[in-house]
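Worksheet for the structure shown next.
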Amino acid sequence: MVWRRKDLLGLRGLSHQEIGKLLDTAVPMKEIIQRDIKKVPTLRGKSMVCLFYEASTRTRTSFELAGKYMSADTVNIAASSSSVVKGESLIDTGRTIDAMGADIIVMRHSASGAAQLLAGEVKARVINAGDGAHEHPTQGLLDMFTIREKKGKLAGLTVTILGDILHSRVARSNIWGLTTMGARVRVCGPSTLLPPEIAALGVEATTDIEAALRGADVVNVLRLQLERQQKGLFPTIREYGRLFGLNRDRLRLCKQDVLVLHPGPMNRGVEIADDVADGDQASIEEQVTNGVAVRMAALYLMMGGNNDGVGN
Amino acid sequence: MTSLLLSVTTGAGSFILVIYLQMDKDVQEDEGKGEQKGRRGKVMEPREKTLLMDAEGVRRAVTRIAHEMVEKNQGTAELVLVGIRRRGVPLAERLQRKINEIENVAVPLGALDITLYRDDLTTLAEQPVILKTEVPFSITGKKVVLVDDVLYTGRTVRAALDALMDLGRPQSIQLAVLLDRGHRELPIRADYVGKNVPTSKKEMVSVCVQEIDGQDSVTIQERM
């Protein structure tokens with residue numbers, strides 16, 4: 001299987017083989033992260049620019065380290081301290097970075113579709129690091145990588161995505177990726193945070209948390225995106241936590257060996273209880289390590305080969 | 001031009017040379033066509049296959065190399081084996097078993113994937129599959145013996161040397177190969193060689209091992 005896409009904008013539309021290739025390639029990458037000398041020369045002479053229009057700790061650091069571990073030159077641009085504040089448009093900023101010879105642009109933006117817009121305007125390859133409520137493909141990949149590592153497979157598993165589905169690009173990337181790989185996906189949250197069209201993505205949607213958790217192999221708890229909430233979607237954070245937070249009692253409804261994931265940063269005591277977040281069934285820190293590995297895999301597949309016949 | 005100059009000076013002898021150069025040119029043209037065919041996805045027709053080593057031959061070579069290794073290193077102290085993926089790994093396993101028979105010591109065994117260290121990544125159309133590097137011990141201060149099936153241009157070994165250095169600082173690195181077919185492009189030589197075979201660059205050498213290919217053999221065949 002050869003990776004032929006110019007950009008990685010989302011998991012929607014990627015084939016079973018393409019996702020499998022990304023996940024398989026991440027396995028040897030993880031070994032590199034665990035070495036004393038975390039450096040391979042593969043992307044020497046390649047440059048990667050992280051263009052972040054939204055706040056981020058783990059995704060930006062993860063991409064930057066992934067690039068550095070593979071010897072790419074990496075530069076970070078935070079929109080708040082760049083020409084963006086002078087009013088430069090996204091496309092102009094992208095073209096400027098392109099003109100400096102960047103091989104890859106990793107972008108996060110609050111508008112859905114921003115990465116696709118940029119990708120059409122630049123020669124550099126574009127990786128979407130989150131665009132609005134649309135997609136966050138590398139997060140979806142690292143969740144799937146973690147599940148596959150712990151459970152040995154993806155096909156046939158029941159994965160419950162719990163929380164604020166409406167605002168979540170993580171949920172969408174998980175849904176596209178997991179259903180392509182043959183997992184059963186349930187989504188659960190308050191009705192105001194469950195987009196009505198979500199069932200069309202091939203998932204079971206419910207507001208009944210007990211039904212959603214019963215027999216689940218994996219629970220992916222989403223962050224309540226406090227910065228994106230409009231008024232009136234739910235009464236109080238406390239009530240949300242009481243009705244939809246994952247606590248130890250609710251966890252007993254799942255399979256005994258259930259795996260708990262959270263994309264971070266966590267609102268402890270809201271969507272996830274402390275004892276669950278720090279419990280044996282949670283692999284939340286492991287997800288962070290795996291995030292670097294899948295990003296290394298994506299960088300390798302996108303910059304490793306030559307550019308003949310590349311297209312989307 | 002060369003042949004014309006020679007024909008002035010040496011008469012009959014040069015006639016043969018002229019023909020030779022002409023033939024060589026034809027062959028090169030054929031090769032060019034062959035490559036184009038390959039790119040279109042058609043398989044190149046191999047000419048006849050010659051067996052260079054059978055299973056017994058491979059077994060004897062491994063046995064001899066194991067003895068040489070123990071002799072050269074005066075035992076197995078600090079000795080570790082690292083096979084280069086893929087076919088160097090089963091060969092390294094066999095050497096380990098052989099050394100165990102001789103010295104009753106199980107020397108540590110690792111597997112190295114050199115893909116990320118290749119110097120031709122940007123020239124390949126496909127991204128090569130990366131396999132896992134598994135060297136579950138520190139190589140610092142060890143006498144590392146790299147094991148591979150064929151030594152050819154030396155570029156794989158160059159990549160392997162870099163990959164090893166990224167894992168630690170060995171006391172020394174030696175190289176064992178089942179077959180040395182010449183045509184080095186880098187100043188690299190093997191310490192232990194199963195068989196030296198002069199080859200042409202047009203020939204294809206394939207090593208099969210039981211663990212991966214279901215049989216042990218080394219064959220050579222000419223490409224059309």
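The values are calculated or read from the model by the stated rules, or taken from the named source; none is laboratory data. All values derive from a computational prediction rather than experimental measurement. Because the Cβ atoms are built from the backbone with ideal geometry, glycine has one as well, and the counts that use them run over all protein chains shown. For accessibility, only protein heavy atoms count, side chains too; no ligands or nucleic acids. Shrake-Rupley method; radii C 1.70, N 1.55, O 1.52, S 1.80 Å.
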Go through the range B:142-168 and count every residue that is closer than 13 Å to B:Tyr117 by Cβ and open to solvent by 30 Å² or more (accessible area, probe 1.4 Å).
-> 8
Which pairs do you get when a residue that is touching a residue at least 40 places away in the same chain (Cβ under 8 Å), found in the range A:230-258, comes within reach of a residue that is open to solvent by less than 40 Å² (accessible area, probe 1.4 Å) and among the polar types (S, T, N, Q), reach meaning Cβ atoms under 8 angstrom, with the pair 6+ apart or on two chains?
-> A:Cys254/A:Thr160
Scan the range B:92-110 and give yes if some residue there is closer than 29 Å to A:Leu299 by Cβ and either without any contact (Cβ under 8 Å) to a residue 40 or more places away in the chain or open to solvent by 20 Å² or more (accessible area, probe 1.4 Å) (or both), otherwise no.
-> yes
Of the numbered conditions (1) modelled with pLDDT under 95; (2) buried (at least 18 other Cβ atoms within 10 Å of the Cβ); (3) not assigned by the TED database to the domain that holds A:Leu253, A:Ser110 satisfies every one except a single condition; which is it?
-> (2)
From B:Leu178, B:Leu164, which residue is within 14 Å of another protein chain (Cβ to nearest Cβ), in contact (Cβ under 8 Å) with a residue 60 or more places away in the chain and over 16 Å from B:Asn73 (Cα atoms)?
-> B:Leu164
Working carefully through the options A:Leu226, A:Leu246, A:Leu201, A:Leu233, find the one that is at pLDDT 95 or above and out of contact with any Cys (no Cβ under 8 Å at 6 or more places or on another chain).
-> A:Leu246
Where A:Met1 falls short, out of the listed (1) open to solvent by 30 Å² or more (accessible area, probe 1.4 Å); (2) more than 14 Å from chain B (Cβ to nearest Cβ); (3) of a type in the set (A, V, I, L, M, F, W, C) | (2)
Could you tell me whether any residue of the range B:127-134 is free of Cβ contacts under 8 Å to residues at least 12 places away in the same chain, within 14 Å of another protein chain (Cβ to nearest Cβ) and buried (at least 19 other Cβ atoms within 10 Å of the Cβ)?
-> yes
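Quick grid of which residues meet (1) modelled with pLDDT of 55 or more; (2) part of a helix (DSSP H, G or I); (3) under 24 Å from the mean Cα position of the chain (by Cα):
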residue: B:Val27; (1), (2), (3): no, yes, no
residue: B:Gln36; (1), (2), (3): no, yes, no
residue: B:Met44; (1), (2), (3): no, no, yes
residue: B:Glu48; (1), (2), (3): yes, no, yes
residue: B:Leu52; (1), (2), (3): yes, no, yes
residue: B:Glu56; (1), (2), (3): yes, yes, yes
residue: B:Thr63; (1), (2), (3): yes, yes, yes
residue: B:Glu68; (1), (2), (3): yes, yes, yes
Test: B:Arg184 is open to solvent by 80 Å² or more (accessible area, probe 1.4 Å) and among the basic types (Lys, Arg) | no
Read through the list (1) farther than 25 Å from A:Lys123 by Cβ; (2) more than 14 Å from every other protein chain (Cβ to nearest Cβ); (3) within 22 Å of the chain's Cα centre (by Cα); (4) of a type outside the set (S, T, N, Q), then give the number of the only condition that A:Arg60 fails.
-> (1)
B:Arg184 under 23 Å from B:Met53 (Cα atoms), part of a loop (DSSP other than H, G, I, E, B) and not hydroxyl-bearing (Ser, Thr, Tyr) = yes
Tally, over the range A:43-57, of residues that are within 11 Å of chain B (Cβ to nearest Cβ) and either of a type outside the set (D, E, K, R) or surrounded by fewer than 17 Cβ atoms within 10 Å (Cβ to Cβ) (or both) | 3
Quick check: is even one residue across the range A:270-277 open to solvent by 60 Å² or more (accessible area, probe 1.4 Å), more than 14 Å from chain B (Cβ to nearest Cβ) and either farther than 30 Å from A:Thr42 by Cα or at pLDDT 95 or above (or both)?
-> yes
What are the residues in the range A:160-182 that are surrounded by fewer than 24 Cβ atoms within 10 Å (Cβ to Cβ) and more than 22 Å from A:Asp131 (Cα to Cα), if any?
-> A:Met181, A:Gly182
Could you list, in sequence order, the residues of the range A:4-42 that are surrounded by 21 or more Cβ atoms within 10 Å (Cβ to Cβ), out of contact with any strand residue (DSSP E or B) (no Cβ under 9 Å at 6 or more places or on another chain) and within 14 Å of chain B (Cβ to nearest Cβ)?
-> A:Leu23, A:Thr25, A:Ala26, A:Pro28, A:Met29, A:Ile32, A:Val40, A:Thr42
Selected residue [without any contact (Cβ under 8 Å) to a residue 60 or more places away in the chain and surrounded by 21 or more Cβ atoms within 10 Å (Cβ to Cβ)] from A:Gly132, A:Gly189 | A:Gly189
Filter result (without any contact (Cβ under 8 Å) to a residue 40 or more places away in the chain and more than 17 Å from the chain's Cα centre (by Cα)) within the range A:136-181 | A:Gly152, A:Lys153, A:Ala155, A:Gly156
Is there a residue being within 14 Å of chain B (Cβ to nearest Cβ), modelled with pLDDT of 95 or more and outside any strand (DSSP E or B) anywhere in the range A:249-269?
-> no
Residue by residue through the range A:261-298, note down the ones that are of a type in the set (A, V, I, L, M) and within 17 Å of A:Ile165 (Cα to Cα).
-> A:Leu261, A:Met266, A:Val270, A:Ile272
Among the residues of the range A:122-135, the number that are within 9 Å of the chain's Cα centre (by Cα) and farther than 11 Å from A:Leu11 by Cβ is 2
Taking the options A:Arg250, A:Arg214, A:Arg295, name whichever one is within 25 Å of A:His136 (Cβ to Cβ) and surrounded by 14 or more Cβ atoms within 10 Å (Cβ to Cβ).
-> A:Arg295
